[in-house]
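The values are calculated or read from the model by the stated rules, or taken from the named source; none is laboratory data. It should be emphasised that the depicted structure is a prediction, and the values quoted were computed from it without experimental measurement. FYI the Cβ positions are ideal-geometry reconstructions off the backbone, even for glycines, and counts take in every protein chain you see.
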Amino acid sequence: MAQFRAKKLDLGCFVNIKNIRDHTKRKVFEQHEPERLRLEGNSRASASLTLSSGKRSDT
């Protein structure tokens with residue numbers, strides 16, 4: 001987790017280890033959220049196409 005930790009924290013509260021961990025997790029999540037949403041949308045679109053075409057991929 002230390003590799004993701006920012007050099008300067010933009011915390012507006014009392015700084016302790018729990019706040020630092022929470023802040024780091026939120027920043028990492030925020031950084032990767034657009035990619036996760038894009039992949040989720042792609043998988044939904046492909047599943048929708050598979051269902052609408054009537055073909056099954058597991059056979």
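Taken over segment 7-31, the criterion of being surrounded by 10 or more Cβ atoms within 10 Å (Cβ to Cβ), in a helix (DSSP H, G or I) and not aromatic (Phe, Trp, Tyr) is satisfied by Asn19, Ile20, Arg21, Asp22, His23, Thr24, Lys25, Arg26, Lys27, Val28, Gln31. So, of the residues in segment 1-38 that are among the acidic types (Asp, Glu) and at pLDDT 75 or above, which turns out to be nearest to the chain's Cα centre (by Cα)? So the residue we want is Glu33.
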